[in-house]
1. When region 66-95 is examined, which residues are found to be surrounded by 16 or more Cβ atoms within 10 Å (Cβ to Cβ), within 11 Å of the chain's Cα centre (by Cα) and assigned to a helix (DSSP H, G or I)?
2. Can you tell which of Glu48, Glu74 is modelled with pLDDT of 95 or more and of a type outside the set (Lys, Arg)?
3. What's the number of the only condition in (1) among the small types (Gly, Ala, Ser); (2) surrounded by 12 or more Cβ atoms within 10 Å (Cβ to Cβ); (3) under 16 Å from the mean Cα position of the chain (by Cα) that Gly61 fails to meet?
4. Which residues, taken from region 97-140, are part of a loop (DSSP other than H, G, I, E, B) and at pLDDT 95 or above?
5. Among the residues of region 7-58, count how many are touching a residue at least 40 places away in the same chain (Cβ under 8 Å) and either of a type outside the set (Gly, Ala, Ser) or assigned to a loop (DSSP other than H, G, I, E, B) (or both).
6. Listed residues Pro95, Pro134; which is closer than 20 Å to Ala29 by Cβ and either of a type in the set (A, V, I, L, M) or in contact with a helix residue (DSSP H, G or I) (Cβ under 9 Å, 6 or more places away or on another chain) (or both)?
7. Looking for whichever is more than 16 Å from the chain's Cα centre (by Cα) and without any contact (Cβ under 8 Å) to a residue 12 or more places away in the chain here; the options are Pro134, Pro139. Which one fits?
8. Is it fair to say Leu6 is surrounded by 14 or more Cβ atoms within 10 Å (Cβ to Cβ) and not acidic (Asp, Glu)?
Amino acid sequence: MTHAALALQQAVYQTLVDDDDLTILLGGANVHDDVPRQDKPPYIVFAEATHSDWSTGTEKGLEHSLAVEIWSRERGRKQVLDIAEAVQDTLASLPQLLDSHHLVNFTHEFTEVTRDEETGYFVAKANFRAVTEPLPVIPQ
């Protein structure tokens, strides 16, 4: 069985790269777990994630806090905010069935925009909360 965190990340990744409008904003399917050194923004990269027990008396579950960073090299915040909004809209259609898990809920918590001191690029960090439960194992 795939770990719920990996199943969730895979679903988020696939949903983002499959969205045509987001791909246009990014200039390609520029969604990464680790950004290749030669890539220049705009792109999305998976950032920190935490996973906590969210089991009940009858169901096992995990609560996930995950973030994606949206990087822009344009002056001002417009591009990074446009992409962040598209990410939120796109992830609203995240599938409920993940690999070996069920997505109970998925919500946007907040987005924070800063400027990276080293590059001068604007970065939006979009934070999401999810709860997953394993799919029941059906005896054969």
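The values are calculated or read from the model by the stated rules, or taken from the named source; none is laboratory data. Note that the structure is a prediction, hence the values are computed from the model and not measured. Methodologically, a virtual Cβ is constructed for each residue, glycine included, from the backbone with ideal geometry; neighbour enumeration extends over all protein chains shown.
1. Once the filter is applied, which keeps residues that are surrounded by 16 or more Cβ atoms within 10 Å (Cβ to Cβ), within 11 Å of the chain's Cα centre (by Cα) and assigned to a helix (DSSP H, G or I), region 66-95 yields Ala84, Val87, Thr90, Leu91.
2. One residue alone meets the criteria, Glu48.
3. The one condition Gly61 does not meet is (3).
4. Once the filter is applied, which keeps residues that are part of a loop (DSSP other than H, G, I, E, B) and at pLDDT 95 or above, region 97-140 yields nothing.
5. 16
6. Result: Pro95 is the single residue among Pro95, Pro134 that is closer than 20 Å to Ala29 by Cβ and either of a type in the set (A, V, I, L, M) or in contact with a helix residue (DSSP H, G or I) (Cβ under 9 Å, 6 or more places away or on another chain) (or both).
7. Being more than 16 Å from the chain's Cα centre (by Cα) and without any contact (Cβ under 8 Å) to a residue 12 or more places away in the chain holds for just one of Pro134, Pro139, which is Pro139.
8. The answer is no for Leu6.
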